[in-house]
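Okay, so here's the structure we're looking at.
The values are calculated or read from the model by the stated rules, or taken from the named source; none is laboratory data. Predicted model only: the values in this text are computed from it and were never measured. We place every Cβ from the backbone using ideal geometry, glycine too, and count neighbours over all the protein chains shown.
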Ligand SMILES: O=C1CC=C(NS(=O)(=O)c2ccc(-c3ccccc3)cc2)CC1=O
Ligand SMILES: [Ca+2]
Ligand SMILES: [Zn+2]
């Protein structure tokens, strides 16, 4: 299993793979949403994320429903939980699963894929939920303003605290 030694960031060049696509969106919109979600975190850390195809990657973006593969967690149909991700300490580290029973969009119509993906990637980088209702890592989905830069100082402090 790929060692993702993230805390302290001995490894800063990270890779991600989009394993499959949701039928809700154009594939190009999924690619852009995921790319933007990683860019948001690389803007506030020394981390860089590059996309790989058909190879081992640090992060896997997967659209699944209900019980899926050998994942220890399952999804719950439309609404409820929108996604889940595993922290670097977890054997499933790097997995970012999105519930394909949701309606995914690249717009302000819920649920905006980029926003949810940024939140889940925050978890995959090791961030826990925030108590700050304005924070991206807050446990309840809401449309953030500005949508292209949804991080708050709380989120930035959280991820930078994990740095060297
Ligand atoms: O580990 C968990 C368990 C439950 C979760 N609930 S969720 O999937 O409905 C979810 C909630 C809020 C967000 C979110 C919060 C702020 C901005 C964007 C998305 C994303 C997913 C999210 C999550 O990451
Ligand atoms: Ca759901
Ligand atoms: Zn899963």
Could you grab me the full set of residues in the stretch 71-89 that are more than 15 Å from the chain's Cα centre (by Cα) and under 18 Å from residue 57 (Cβ atoms)? 71
Quickly run through the stretch 58-77 and pick out the residues that are within 19 Å of residue 17 (Cα to Cα), within 16 Å of ligand 2 (Cβ to nearest atom) and in a loop (DSSP other than H, G, I, E, B). 65, 68, 71
Name the residue that is nearest to ligand 2 (Cβ to nearest atom), counting only residues in the stretch 96-141 that are surrounded by fewer than 21 Cβ atoms within 10 Å (Cβ to Cβ) and closer than 18 Å to residue 57 by Cβ. 123
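Just to be sure, is residue 150 free of Cβ contacts under 8 Å to residues at least 12 places away in the same chain, within 16 Å of residue 43 (Cα to Cα) and either touching a helix residue (DSSP H, G or I) at 6+ places or on another chain (Cβ under 8 Å) or not in a helix (DSSP H, G or I) (or both)? Spell out how you get there, then give the answer.
Values: free of Cβ contacts under 8 Å to residues at least 12 places away in the same chain: no; within 16 Å of residue 43 (Cα to Cα): yes; either touching a helix residue (DSSP H, G or I) at 6+ places or on another chain (Cβ under 8 Å) or not in a helix (DSSP H, G or I) (or both): yes.
No: the conditions fail for residue 150.
I'm trying to understand the selection: among the residues of the stretch 82-98, which are within 13 Å of ligand 1 (Cβ to nearest atom) and in contact with a strand residue (DSSP E or B) (Cβ under 6 Å, 6 or more places away or on another chain)?
Quick first cut of the stretch 82-98, residues within 13 Å of ligand 1 (Cβ to nearest atom) only: 82-87, 90, 92, 95-98.
Correct list: 82, 83, 84, 85, 86, 95, 96, 97, 98.
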Pairs please, first residue from the stretch 70-82 and farther than 14 Å from residue 111 by Cα and without any contact (Cβ under 8 Å) to a residue 60 or more places away in the chain, second anywhere and near ligand 1 (Cβ under 8 Å from one of its atoms) and part of a loop (DSSP other than H, G, I, E, B), Cβ atoms under 6 Å, 6+ apart in sequence or on different chains. none
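Results for (1) assigned to a strand (DSSP E or B); (2) touching a strand residue (DSSP E or B) at 6+ places or on another chain (Cβ under 6 Å); (3) at pLDDT 95 or above, shown as yes or no for each residue.
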| residue | (1), (2), (3) |
| --- | --- |
| 9 | no, no, no |
| 23 | no, no, yes |
| 29 | no, no, yes |
| 33 | no, no, yes |
| 36 | no, no, yes |
| 39 | no, no, yes |
| 49 | yes, yes, yes |
